[in-house]
Structure formats: C-alpha cells, structure tokens
Amino acid sequence: MQKLHIVLVEPQIPQNTGNIARTCAATGAVLHLVRPLGFSIDDKKLKRAGLDYWYLLDIRYHDNLDAFFRAENPQSCFFFSTKAAKTYTEVSYPPGSYLVFGREDAGLPEELLRQHYSQCVRLPMLEGARSLNLSNTVAVAVYEALRQQGFPELKTTSCISAQSTPKNGEDLSF
C-alpha cells in the first residue's frame with residue numbers, strides 16, 4: 001500500500017506539529033518536516049501534543065523545499081492554501097499523494113503556488129476568516145484523502161459496550 005504523505009513547510013508552532021504527528025501516527029501517514037523549523041524537535045510541547053504515539057510515526061526531515069523535492073520526487077502533490085481556487089473536495093487523491101502545507105503565519109511561498117496552481121486546493125471558510133488552524137486543516141485533508149481511498153488499513157468498525165447501551169428508551173446523550 002502506498003502511504004499518504006503530509007508535508008509541513010517551515011512549521012512554527014510545536015503544538016500544531018505535535019497534533020499533526022498524532023494524526024499521522026493514527027492514520028499511517030508519513031510526516032515530512034521541511035526546515036527551518038520554528039522550534040526544536042525535542043521541544044516538550046511538541047512531544048506532549050503527540051503523546052504516546054511517537055513510536056507509530058514515520059517522520060522525515062528535509063533541509064528545504066528543494067531538498068524535499070529531490071529526495072521524494074513526488075508524483076502527486078496537493079498544495080493547501082487560502083489562495084487556491086478549487087476546494088479540497090474537488091480533487092481525487094490517489095494512493096501515495098503528498099499533501100503540502102505552509103507556515104502557520106505565512107502559508108506556502110507564492111512562487112511555489114504559482115508553479116503548481118492547478119494542484120492548489122483550499123478549505124472553504126466564511127468571508128473575512130483569515131485561515132483555519134494548521135492541525136485542523138491537516139486533519140480534514142488527511143481524512144478526505146483516506147475516505148476517497150476507502151480508509152486503507154484503518155479500523156472502521158467498533159461497538160459500544162453493553163454498559164453504555166441505552167435501556168428502555170433511556171437517553172445517554174451528553
């Protein structure tokens with residue numbers, strides 16, 4: 001199975017990267033961090049956000065975008081930006097896709113977006129909203145790509161224990 005790849009270009013906030021690492025670990029996605037990073041990889045906030053999922057994570061580091069493209073030679077890339085014309089649901093994400101996200105404070109470089117404009121996608125938002133939190137955006141994108149692929153290798157069923165099953169019309173909503 002070809003894994004999904006999440007690429008963070010110059011992430012600045014350790015908690016966001018930790019949350020994204022946890023999403024990658026839970027879904028089997030590969031996490032790529034493109035330097036420079038706005039934090040140390042041994043940052044307590046980064047590790048805390050990822051909790052005990054680090055052993056499940058396939059994480060790769062790249063010195064810059066050029067080094068990333070040389071090392072990975074990705075065939076299917078999607079660049080997430082508030083400047084994109086298409087929404088993230090208008091494209092098909094084949095297995096092995098690379099989902100690329102920019103800095104929390106600046107997004108992806110304009111030149112990169114111009115070079116790959118047809119592969120740029122956005123999440124819809126209300127007019128006047130500047131952007132969504134990076135880790136939320138990544139989670140939405142990851143699960144859309146995996147949904148399109150049928151959630152490969154992910155557990156998709158479970159059951160509620162008998163202790164929490166409603167009895168005689170009892171409402172257990174919170």
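If the segment from Trp54 to Asp66 were pulled out straight at 0.36 nm per residue, it would be longer than the present Cα-Cα gap by 1.7 nm.
Between Arg147 and Leu132, the simple spin-label model (points 7 angstrom out along Cα→Cβ) gives 1.0 nm. Counting neighbouring beta carbons within 10 Å and listing from fewest to most, the residues His5, His116, His62 come out as His116, His62, His5. In terms of its C-alpha gyration tensor, the chain comes out prolate, because a/c is 1.5 or above and the ratio a/b outweighs b/c.
Taking the Cα centre of each part, how many Å lie between the range 136-153 and the range 64-134? Each part reduced to its Cα centre gives a spacing of 15 Å.
A full extension of the chain between Ala26 and Lys86 corresponds to an added length of 18.8 nm, given 0.36 nm per residue minus the alpha carbon distance. The label-point distance for Asp42 and Leu154, in a model that sets each label 7 Å from Cα toward Cβ, rounds to 3.4 nm.
Read-outs: derived from the displayed coordinates by stated rules, not from any lab. These numbers were taken from a predicted model, which means no experiment stands behind them. For neighbour counting, all protein chains shown are included, and Cβ atoms are generated from backbone atoms with ideal geometry for every residue, glycine included.
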